[in-house]
Amino acid sequence: MPKSEIVIRLGGEGGEGVISTGDIFTLASARTGYHVFTFRTYPAEIKGGHAWYQVRVGPRPVLSMGDQVDVLVAFNLEAYEKHKHLLNTEEGVLIYDPDEVTPEPRPRTVFYPIPFNRIARQDLNFVRGKNVVVTGVLAGLFGLDPTSLTQFITQRYKRRAELLDQNLKALEAGLNYAQKNLTKADPYYLTPTERVGRLVMSGNDAIVAGALTAGCRFYAGYPITPASEILELMAQTLPRLGGTSLQAEDEIAAIGAVLGASFAGVKAMTATSGPGLSLMTEFMGWSGMAEVPCVIVDAQRAGPSTGMPTKLEQGDLNHALFGGHGEFPRIVIAPGSVEDAFWQIINAFNLAEKYQTPVIFLSDQSLSHRTESLLKPDLSKVKVVDRIQPTADDLANGYERFAITETGISPMSIPGTPGGMYVAPGLEHDEKGHVDNPLASHEKMVPKRFRKLETLQKELEAPPRYGAPDARIGVIGWGSTEGAIREAVERCVAKGMKVAALHPKVLNPLPEKHLEQFISSMDMVIVPEINYTGQFARYLRSVFGIPVVRINKWGGLPFTAGEIQRKIEEVVNGR
Amino acid sequence: MVVSAIPLTAKDYKSEVKPTWCPGCGDFAVLSATYKALADLQLRPEKVVVVSGIGCSSRIPYFCNTYGTHTLHGRALPVATGIKMARPDLTVVVMGGDGDLFSIGAGHFPHAARRNLDILTVCMDNQTYGLTKAQYSPTSFVGHKSKSSPYGTVEMPMNPVLMALASGASWVARGYSGRPKQLQELIVEGIRHKGFAFLHVQSPCTEFHNTYNYYDARVQDIPKDHDPTDYMAAIRLAMPQEKTLLGVFYRSERPVYEERLRAFEQIKVEFDPDEFLSRYG
C-alpha cells in the first residue's frame with residue numbers, strides 16, 4: 001500500500017550538508033502541502049563529528065519526530081552503523097553511497113545505492129553540491145514536486161549566479177539519477193496533495209516573530225547555543241524597525257541592558273541558555289524588586305556547567321522557578337511546540353508588561369532548533385498588552401511608583417514624564433521608592449509584590465487537555481514534549497485505555513484550579529520529562545501533595561511518542 | 001536639550017531624600033556639583049536618568065530629583081547602555097565608586113567606552129571600600145593597610161584615567177572633591193560631550209581613608225599647553241605622575257553608538273507580522 005507518512009533520517013559528517021539537505025527537503029515538502037516535524041543534532045565542533053537530521057512528513061498534522069526510521073540516508077559508514085538499528089524492519093529504505101558503505105543483507109529492506117560523492121565530484125566537478133544531489137534523489141524517489149525545489153534553490157542563490165547554476169545542475173543530476181538508475185521498490189510517495197501552503201519555522205524563528213509582534217523593540221544577548229539564532233535574527237530585523245539590538249559583552253550585561261531599556265519604556269528581551277541564565281540570576285532578582293518587566297528566553301541544553309551545548313535537557317526548571325537569592329515573584333512559561341512558541345512569547349511579553357516582573361520563557365534545544373510546519377497564525381487573534389502608566393491625577397498628587405494595590409500592580413512612569421520621577425531600587429523601599437525604613441517597607445512590600453502572582457493565577461485559562469474525557473490515568477507534561485505526549489496518549493486511547501494529558505504552559509504561577517480538577521479526577525498521575533531528577537514531578541508533588549509516577553529520559557534526545565506510550569502502558573499494566 | 005521657561009536652579013535637582021554619607025565625605029561635593037551642573041545645562045529633571053551600581057557613592061540617584069536606577073554591584077554601565085540605546089533623548093549619567101566601576105564592574109567599562117555611547121560616567125574614587133567598612137579597593141596604592149590588607153596591599157593600583165583612554169573613551173578628565181567649582185565645570189563639559197565621557201574624581205573617605213591633606217598638597221591642573229586632542233600626550237599625562245593632575249586629559253569627536261544605530265532609521269519600516277511570517281512560507 002502506498003504510504004505518504006515517512007520518517008527520513010539523514011546522517012553524516014558535520015559540515016557535509018546533512019542539515020541543509022534536510023532543510024531543503026523539509027521546506028519543499030511543506031510547500032507541497034505536507035506537514036513536517038524535524039529534529040536535528042550536530043556536534044559542538046564546527047567541522048567534523050557526526051550530525052544527523054530527522055524529518056517526519058505526513059498528510060496529517062505530525063506531533064513528534066516519529067518512532068522508527070522509514071528511510072535512512074547514510075552519507076557515510078558511521079551514519080549507517082549509528083542508525084541502522086532504528087530502520088523500519090518491515091518497510092525500511094536504505095539510501096547510501098556504495099563507495100562508503102557496504103550494508104549487510106536485511107530482508108524486507110529496499111536498498112538504493114547511489115554514488116553521491118562520485119556524482120558530485122566527477123560528473124559535476126562540484127564537491128559541495130553533494131547535499132543538493134541527495135535532495136534531488138529524494139525528490140525523484142518519492143515524487144516530490146521538483147518546481148518547489150528549483151524555486152527554493154533559485155531563491156537561496158539568487159545573488160550568486162555561478163553557485164545557482166551549479167546547484168540547479170546538482171539537483172537535476174540527483175533527479176535524473178533516481179529516475180534513470182533506480183527501480184522504485186518502496187511504498188513511499190509524496191505526490192502533491194491539497195497544496196495548502198504552510199510556514200516552516202524553527203522554535204527560535206517563532207520566538208522572534210512572536211516577540212516582535214508583541215512589540216519587542218530592544219534585544220540584547222550574548223551568543224550561546226542553542227539561542228544564538230535569536231540574537232542573529234533580532235540583529236537583522238530590529239534596526240529596520242527603529243529598534244535596537246546589542247551583542248553585549250556577556251550575559252550579565254545583556255540582561256542589564258534589557259532592564260535599562262525596559263525601565264526607559266521599551267519592551268525588551270534577552271535569550272540565552274543554561275550557563276547564561278545562571279549569570280543573569282542576580283538581575284532577575286533586581287527585576288523582581290524594582291518591578292521592571294523583562295522577558296528572558298532560556299533555550300535549555302543539557303548541563304550542568306557547559307554540559308552538552310547541542311543536546312536537549314529540560315534541566316533548568318528548578319533554576320527558572322527558584323533561582324536567585326531572596327524571594328521575588330517571577331513568571332515562568334514553557335511553550336509546547338513551534339506554533340505555541342509564537343503565541344506564548346506574546347503571552348510572555350503581555351504578562352511581563354502587565355505584572356512588571358521577570359518572565360522566564362523555557363524553550364530547549366529540540367524546540368529552538370527543530371522546524372515544524374504550521375498554518376500562518378491568525379494575526380487577528382493577537383492581543384498586545386502595555387504596562388499601566390500613572391494618570392495625570394496620579395502625577396499631580398504625589399506619585400507613588402510602588403503604590404500598594406489590591407492586584408499588586410502599580411502604575412509605572414516612563415522617563416521623560418514630568419512629575420513621575422523615581423528611582424528603580426534594588427534595595428527594599430516604600431511606596432515612593434525610598435529606602436530609609438527597610439523593615440517597615442519589607443513587611444508591606446513582599447506581599448504586595450507576590451499579590452501579582454495571586455492576581456495572575458486567578459486569570460489563568462485551562463491548559464490544553466488531550467485524550468479520553470473519562471480518563472482515570474492522567475499525564476501532566478511541560479514544555480517541548482507536548483507533541484510526543486499528545487501522540488502517545490492518543491495512541492493509548494485508541495487502544496482503549498482511559499488516559500488523558502494536561503499540558504500547562506504557565507508553570508509559575510501554576511494554574512492550580514485547573515490542575516486540581518484534573519488531578520482529583522485521576523487514579524494516577526504520570527509526569528514525563530527530559531531530566532534525571534524529575535524537577536516538574538517534584539514541583540507538582542510539593543504543590544499538590546500527591547504521589548506522581550515519573551517518566552524520565554536524559555541523554556540529550558527528545559522523547560519519541562513510542563517511548564512515552566510504552567512507559568504509560570508499563571505503568572498502567574504494572575499496577 | 002529642552003530649555004525651561006523659568007530657569008531651573010540647583011535646588012530643582014535636589015530630592016527630598018537626605019544623603020546618608022558621613023560628614024565630610026567627598027561625595028557631597030560631587031553631588032552638589034552635579035546639581036549645579038544640571039542647572040547650568042538647564043536640563044529638564046524628567047529627561048535625566050542617574051544610574052548607579054552599589055556602594056556609598058552609588059546611593060546618589062536617591063538624592064537627585066531625576067529619574068534613576070540603583071542597580072547591582074558593578075552593573076550600572078550595562079543598564080545605562082540599555083537606557084541610552086532605547087531612549088537617546090534622555091541624558092544618562094552613571095555615577096559610582098572605584099570598587100563598583102573598576103573591580104566588580106571592570107568587565108563592562110571598556111565595552112561601554114569603546115561603543116562610545118553618549119553618556120557621562122563619574123567615578124567617585126576614595127581608594128577604599130567604605131560601605132563594607134574599610135577593605136582595600138582596586139585603586140588603593142601599594143602598601144595600603146586596610147582590614148583586608150593588614151600587611152599592606154601588594155597589588156598595583158588600577159589607573160582609571162589610563163584605562164578609559166585605552167578603552168576608547170572619547171572624553172577623559174579628572175576632578176577633585178576639594179575643588180568643587182572645577183568639578184562642576186567638568187560635569188557640565190562631560191554631559192555636553194557627544195560620546196562616552198569619563199570623569200575620574202578623587203573623592204576622599206573621611207571615615208576610613210582620609211586623603212584630603214594628601215590630595216590638597218598634590219593636585220595640580222593639567223598644564224595649559226596640553227592639547228587634549230593629542231591622544232599620545234593624554235596617555236603620557238595619565239601615567240603615574242609626581243602630581244595628581246586635574247582637568248581634561250583627552251577630547252575627541254567620533255560618531256556615537258546610538259546615532260550610528262539610528263542611521264538605520266532612514267530605512268525604518270513598521271513591523272508587519274504578516275510579511276515577516278511570509279518569509280517562512
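The values are calculated or read from the model by the stated rules, or taken from the named source; none is laboratory data. Quick caveat, the model's predicted, so the values are computed rather than measured. Using ideal geometry, Cβ is built from the backbone for each residue, glycine included, and neighbour counts are taken over all protein chains shown.
Candidates A:ILE345, A:ILE296: the one that is part of a helix (DSSP H, G or I) and β-branched (Val, Ile, Thr) is A:ILE345.
Residues are listed down the side, and each one gets a yes or a no for (1) farther than 14 Å from B:SER170 by Cα; (2) small (Gly, Ala, Ser); (3) free of Cβ contacts under 8 Å to residues at least 60 places away in the same chain:
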| site | (1), (2), (3) |
| --- | --- |
| B:LEU117 | no, no, no |
| B:MET124 | yes, no, no |
| B:LEU131 | yes, no, no |
| B:SER137 | yes, yes, yes |
| B:VAL142 | yes, no, yes |
| B:LYS145 | yes, no, yes |
| B:TYR151 | yes, no, yes |
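A:THR150 versus (1) surrounded by fewer than 21 Cβ atoms within 10 Å (Cβ to Cβ); (2) in contact with an Asp or Glu (Cβ under 7 Å, 6 or more places away or on another chain); (3) of a type in the set (Val, Ile, Thr): which is the lone unmet condition? Result: A:THR150 passes all but (2). Restricting attention to region A:223-274 and to residues that are more than 10 Å from chain B (Cβ to nearest Cβ) and small (Gly, Ala, Ser), the residue that is nearest to A:ASP316 (Cα to Cα) turns out to be A:GLY274.
Restricting B:ALA33, B:ALA80, B:ALA29, B:ALA39 to those that are within 13 Å of chain A (Cβ to nearest Cβ), in contact with a helix residue (DSSP H, G or I) (Cβ under 7 Å, 6 or more places away or on another chain) and either surrounded by fewer than 24 Cβ atoms within 10 Å (Cβ to Cβ) or part of a helix (DSSP H, G or I) (or both) reduces the list to B:ALA80.
Could you list all residues from region A:457-467 that are touching a residue at least 24 places away in the same chain (Cβ under 8 Å) and either among the acidic types (Asp, Glu) or within 14 Å of chain B (Cβ to nearest Cβ) (or both)? A:GLU461, the sole residue that qualifies.
For region A:439-456, the condition of being within 12 Å of chain B (Cβ to nearest Cβ) and either at pLDDT 95 or above or under 28 Å from A:MET280 (Cα atoms) (or both) holds for none of the residues.
The criterion of being in contact with a Ser or Thr (Cβ under 8 Å, 6 or more places away or on another chain) and more than 14 Å from chain B (Cβ to nearest Cβ) holds for A:PRO411. Criterion applied to A:ILE388, A:ILE409, A:ILE404, A:ILE414 was being modelled with pLDDT of 95 or more and more than 36 Å from the chain's Cα centre (by Cα), and the one residue passing it is A:ILE404. Taking interchain pairs and intrachain pairs at least six residues apart, which have beta carbon atoms under 6 angstrom, with the first residue in region B:61-72 and more than 7 Å from chain A (Cβ to nearest Cβ) and the second part of a helix (DSSP H, G or I) and crowded, with 24+ Cβ neighbours inside 10 Å? Cβ pairs passing all conditions: none. Entry remark, region A:531-555: residues being assigned to a loop (DSSP other than H, G, I, E, B) and within 21 Å of the chain's Cα centre (by Cα) number 6 in total. For region A:331-341, check the following and say yes or no: at least one residue is under 18 Å from A:SER410 (Cβ atoms) and modelled with pLDDT of 95 or more. Scanning region A:331-341 turns up at least one residue that is under 18 Å from A:SER410 (Cβ atoms) and modelled with pLDDT of 95 or more. Being of a type outside the set (Asp, Glu), surrounded by fewer than 22 Cβ atoms within 10 Å (Cβ to Cβ) and free of Cβ contacts under 8 Å to residues at least 40 places away in the same chain is a condition met by at least one residue of region A:468-488.
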